[in-house]
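Okay, so here's the structure we're looking at.
The values are calculated or read from the model by the stated rules, or taken from the named source; none is laboratory data. Everything numeric in this text was worked out from a predicted model, so none of it was measured. Here the Cβ positions follow ideal geometry from the backbone for every residue, glycine too, while neighbour counts run over all protein chains shown.
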Amino acid sequence: MDAVQLCEMSGIEANFVAVSFTRKGKLPSKFVGSCVLETVGNRPDVTSKEGFKVNVCYAVLDSLLSEIERPFTERHCNVLIGIHALNPTSEKFADFTALKPFANAYSANETDLSHDIHQAKRLVERLDSVEKPKKYVGVNVVYIERYKEALPELYRIGVIAIAFASKHGNM
């Protein structure tokens, strides 16, 4: 079934214009990373099944894919992994290698942070299971807040993690 038959079956008036193929235009640099579905003067062939698939279906799928991939850049993923490393219920809790890219993204002092995270891990390990917080907000507000002068880098990164997570609805 071609696009014309599909339009007729759906009750859509189809006005197709014959297309002559010319050279493929290049997008301006300001549109890099965007999905441009149509440009001025270019009328894609949608009269055939292949033309409809290439010029309509693929364009819509490309647009959806770019919207899905946008929030998952490498930097964003590193931030999320770092926030996860601050969660005491995580198997990666206090793992400095997981936390390091997040800390670097926010210009934390790595040496101080490595000492702070080690001490925080020891603090959490000493808590009995009733007192142990279930998520990072609990660690920061209840326990780390008391030690913010002793663990300044961890406290600063923790505040950033809470702000990031609450803005994105993850905590």
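Scanning the stretch 66-88 for residues that are surrounded by 14 or more Cβ atoms within 10 Å (Cβ to Cβ) and of a type in the set (Val, Ile, Thr), we see that the one that is modelled with the highest pLDDT is ILE81.
Does the stretch 44-83 hold any residues that are in contact with a helix residue (DSSP H, G or I) (Cβ under 7 Å, 6 or more places away or on another chain) and either in contact (Cβ under 8 Å) with a residue 60 or more places away in the chain or within 24 Å of LYS167 (Cα to Cα) (or both), and which are they? ARG75, ASN78, VAL79, ILE81, GLY82, ILE83 - these are the residues of the stretch 44-83 that are in contact with a helix residue (DSSP H, G or I) (Cβ under 7 Å, 6 or more places away or on another chain) and either in contact (Cβ under 8 Å) with a residue 60 or more places away in the chain or within 24 Å of LYS167 (Cα to Cα) (or both). Exactly one residue out of SER29, SER63 is loosely packed, with under 11 Cβ neighbours inside 10 Å and either closer than 30 Å to HIS115 by Cβ or at pLDDT 70 or above (or both): that is SER29.
Residues in the stretch 99-130 that are part of a helix (DSSP H, G or I) and farther than 26 Å from HIS76 by Cβ were compared, and the one that is farthest from the chain's Cα centre (by Cα) is ARG126. One residue stands out among those in the stretch 38-60 that are surrounded by 14 or more Cβ atoms within 10 Å (Cβ to Cβ), part of a loop (DSSP other than H, G, I, E, B) and β-branched (Val, Ile, Thr): the one that is modelled with the highest pLDDT, which is THR47.
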